[in-house]
1. Taking the condition at the interface with another protein chain (Cβ under 7 Å from one of its Cβ atoms), touching a residue at least 60 places away in the same chain (Cβ under 8 Å) and surrounded by 16 or more Cβ atoms within 10 Å (Cβ to Cβ), does B:A25 pass?
2. Among the numbered conditions (1) closer than 21 Å to B:V208 by Cα; (2) touching a Leu at 6+ places or on another chain (Cβ under 7 Å), tell me where B:W158 comes up short.
3. Tell me which residues, restricted to the range B:119-145, are of a type outside the set (D, E), closer than 21 Å to B:Y213 by Cβ and either outside any helix (DSSP H, G or I) or touching a Ser or Thr at 6+ places or on another chain (Cβ under 6 Å) (or both).
4. Which one of these does B:A67 not meet: (1) buried (at least 24 other Cβ atoms within 10 Å of the Cβ); (2) at pLDDT 95 or above?
5. Among the residues of the range B:101-118 satisfying the criterion of being touching a residue at least 12 places away in the same chain (Cβ under 8 Å) and part of a helix (DSSP H, G or I), which is farthest from the other protein chains (Cβ to nearest Cβ)?
6. When you check B:V207 against the structure, is it crowded, with 19+ Cβ neighbours inside 10 Å and either in contact (Cβ under 8 Å) with a residue 24 or more places away in the chain or not assigned by TED's automatic domain parsing to the domain that holds B:E24 (or both), yes or no?
7. Taking the stated definitions as given, is A:E41 modelled with pLDDT under 95 and in a helix (DSSP H, G or I)?
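The values are calculated or read from the model by the stated rules, or taken from the named source; none is laboratory data. Keep in mind the model is a prediction, meaning the values are calculated, not measured. Here the Cβ positions follow ideal geometry from the backbone for every residue, glycine too, while neighbour counts run over all protein chains shown.
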Amino acid sequence: MKRKILLGALLWTLLITLAHIQLNVGWKELESQVLRRFSGERGELLVGFLPVT
Amino acid sequence: MTTHSESGAVFRSRKFTDFATVKEALISKEIGASFILAPLAMQLVRDGVPIKIVYLGHRDGSALIVAKDGPVRHFRDLEGKIIAVPNRYSNQHILVRKLMRDNGMAPGSIDVRELPPPEHPAALASNSIDAFLVGEPFPAKAELDGIGRVLHLTKDIWPDFISCVLVVRNDLIAEERELVQELVSGIARSGLWLEDGLEHRMEAAQVVGKHFYFQPPKLLEYVLSKPIDRVRYSDLAPLKEDFDEIMELAVSSGVLSGRIEFEAYVDPSFSQRAHRAWDLAHLPALDAEAPVAPPAAAPAAAPASADGQAPKPAGPPGKALNPLLVPAAGGKPETGGSQ
């Protein structure tokens, strides 16, 4: 009985996590975050300017 | 600026045409950093926008332009006339107020109008204004188009003039320090490269004119060479004494309504680290035949000064990397702001 509850809870957590990534985060964003954290890939910076010194 | 980092970091640029839109883009986190006017950065911090100045864009590089065939020969001749400046919160505006005070003119004796920089030459040509004080290349454009002539270059009336500064959002300063450092160090190296000879400036005019500013390279060649110190890219660390002077003038002329502490709007740590790194990079190679005491003309080995200013490059580097020409993945900058 305990094992069933534990497995059920784990499965539920996994499903909720996958749904959260799909609906709120996005797989592309997750991929880039993981790459940045683990593969040494660096971030991105957008810099504004006017064509004037 | 574009995707050209050796470390894999991606730097992209977004072009704007007015500073109000830049401000909104910073507040909404559309952009992480921007070149904006120094007093505007101070005012934004006063208004609670979470940014800090981390570096200067350049020094000097602005000019007071009057109608080419007009009667104005001295600043006092502008009494009762209209002068355009790029923004209320600009050092160009502060300089006009200072010149009025220095010439004994009443505060309201010149009508100072705010106008986006690209519109200055056309406004002068149509007689909508009598003069303008703005950053290059618009003064040079007025000159080359036969519309205007230089009454004063800022370098002659406010030495080491500061116009635009690099601001970065505080959350990036806290969470992406290496990324910000790479940006500051890259700009600093570009500055040293530009100061290393006229041929580098001519090369930069081609690249920037075609791929970033979308302006005729000939115009930028003129800006970067007539005279060669018309715009300067050395001594770009944000120094307290410079900003204290700006703050004092801004408050006394009514451009800013109150003071804020230097530490509240400037983070000098990135420029200090960039310049320390150079000192190591520019140490001369050990040479058994070289004299123990370096000759006086080897300033690059000198340690960084306490204020964090970079040493001048050690003679012609020869193989110096052109920081503007490293292979780019995204050639054109994005375009933003009101076009």
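1. Working: at the interface with another protein chain (Cβ under 7 Å from one of its Cβ atoms): yes; touching a residue at least 60 places away in the same chain (Cβ under 8 Å): yes; surrounded by 16 or more Cβ atoms within 10 Å (Cβ to Cβ): yes.
Judged against the criteria, B:A25 is a match.
2. (1)
3. First pass over the range B:119-145, keeping only residues of a type outside the set (D, E): B:120-129, B:131-135, B:137-142, B:144.
Checking the rest, the ones that are also closer than 21 Å to B:Y213 by Cβ come to B:120-125, B:132-135, B:137-142, B:144.
Residues satisfying the conditions are B:F132, B:L133, B:V134, B:G135, B:P137.
4. Among (1) buried (at least 24 other Cβ atoms within 10 Å of the Cβ); (2) at pLDDT 95 or above, the lone unmet condition for B:A67 is (1).
5. Ranking the qualifying residues of the range B:101-118, first place goes to B:R101.
6. Numbers: crowded, with 19+ Cβ neighbours inside 10 Å: no; either in contact (Cβ under 8 Å) with a residue 24 or more places away in the chain or not assigned by TED's automatic domain parsing to the domain that holds B:E24 (or both): yes.
Here the answer is no, as B:V207 does not meet what is asked.
7. On the way: modelled with pLDDT under 95: yes; in a helix (DSSP H, G or I): no.
Taking the combined requirement at face value, the residue does not satisfy it.
A quick yes/no check of all residues on (1) at pLDDT 95 or above; (2) buried (at least 17 other Cβ atoms within 10 Å of the Cβ); (3) more than 14 Å from chain A (Cβ to nearest Cβ):
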site: B:H74; (1), (2), (3): yes, no, yes
site: B:I83; (1), (2), (3): yes, yes, yes
site: B:A125; (1), (2), (3): yes, no, yes
site: B:A140; (1), (2), (3): yes, yes, no
